[in-house]
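Novice: Take this structure, written in structure tokens, and hold onto it; I'll ask about it next.
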Amino acid sequence: MALDEAIDRVQRAYDKERLHAAPTDVVAQNLGYKGANNGSAMSALASLRYYGLLERPKEGFLAVTKNFEHFKFAPDERQRRSLLVSFLRKPQLYAELLDKYESGLPSDANLRYELIQRGFNPAAAEGALGAFRRSVEYVGGAREDEPVIDEDPPSEERESSIELAPPAPPTGKIGAAGAPPKEAYPTWPAMDEGMDQIPIRLPGGRRAWLTIPTPFFTSDKARLKAQIDLLLTEDEEHAP
């Protein structure tokens, strides 16, 4: 989902609930779906969370983030743009692409190849490319040196610390605590044939890796999202 559409969708949820937490099904209904238990609704809710427009204050509930309200009532265009940049850079993929092509985006063919190398199948790469370019155009570019309001509340930081299928480092075991020093991580782990590994930066200079098979189908993406949600739930349940 492109950022402009995500902003429009979360506005509907805000109109209904403001910043109050509501059951996931209710939020999905506020977005125009019958409930949260279908692929389209799950994808939409995930997109809004990727942009930092929705957060999960507790299991089974979602709420519009305070940063969206800041954006909605920003007193001047500079603050609105700063928040838009923060939303745009919230998805890990977008942040990495913007950092890599900070002087300006390359051609569609170049970006499409980049996405396929990262594990997208051609059809998914086309959709992701369209959403990314449309989002950048909506914001009007996004340099990292622009002032960006910190959009990471503590709950989001805990969720982003989940580590997904990391390869074994040279020393020690990767975990939420007691991770080996940053230099222990390889720059790019060796990959099996037909696999692609995508780095995910974590707080404290740590890094996890997603290992993605090629080809990677839409059904695979749905399974991966479901597994991530399960991991996040387990992390919350076992938090001190």
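Novice: So which residues in region 1-17 are under 16 Å from the mean Cα position of the chain (by Cα) and either of a type in the set (D, E, K, R) or under 18 Å from Ala128 (Cβ atoms) (or both)?
Specialist: Met1, Ala2, Leu3, Asp4, Glu5, Ala6
Novice: Just checking, which of Phe73, Phe68 is touching a Leu at 6+ places or on another chain (Cβ under 6 Å) and not hydroxyl-bearing (Ser, Thr, Tyr)?
Specialist: The conditions single out Phe68.
Novice: Are there helices (runs of 4 or more DSSP H) fully within region 1-107 with at least 2 residues that are touching a strand residue (DSSP E or B) at 6+ places or on another chain (Cβ under 7 Å) and farther than 20 Å from Leu224 by Cβ? List them.
Specialist: 3-17
Novice: Next question. Which residues, counting only those in region 36-69, are on the phi > 0 side of the Ramachandran plot and over 18 Å from the mean Cα position of the chain (by Cα)?
Specialist: Once the filter is applied, which keeps residues that are on the phi > 0 side of the Ramachandran plot and over 18 Å from the mean Cα position of the chain (by Cα), region 36-69 yields only Gly60.
Only the coordinates and a few stated rules stand behind these numbers; no lab work does. Here the structure is a predicted model, which means the values were calculated and not measured. Cβ coordinates were reconstructed from backbone atoms using ideal geometry, including for glycine residues, and neighbour counts include every protein chain displayed.
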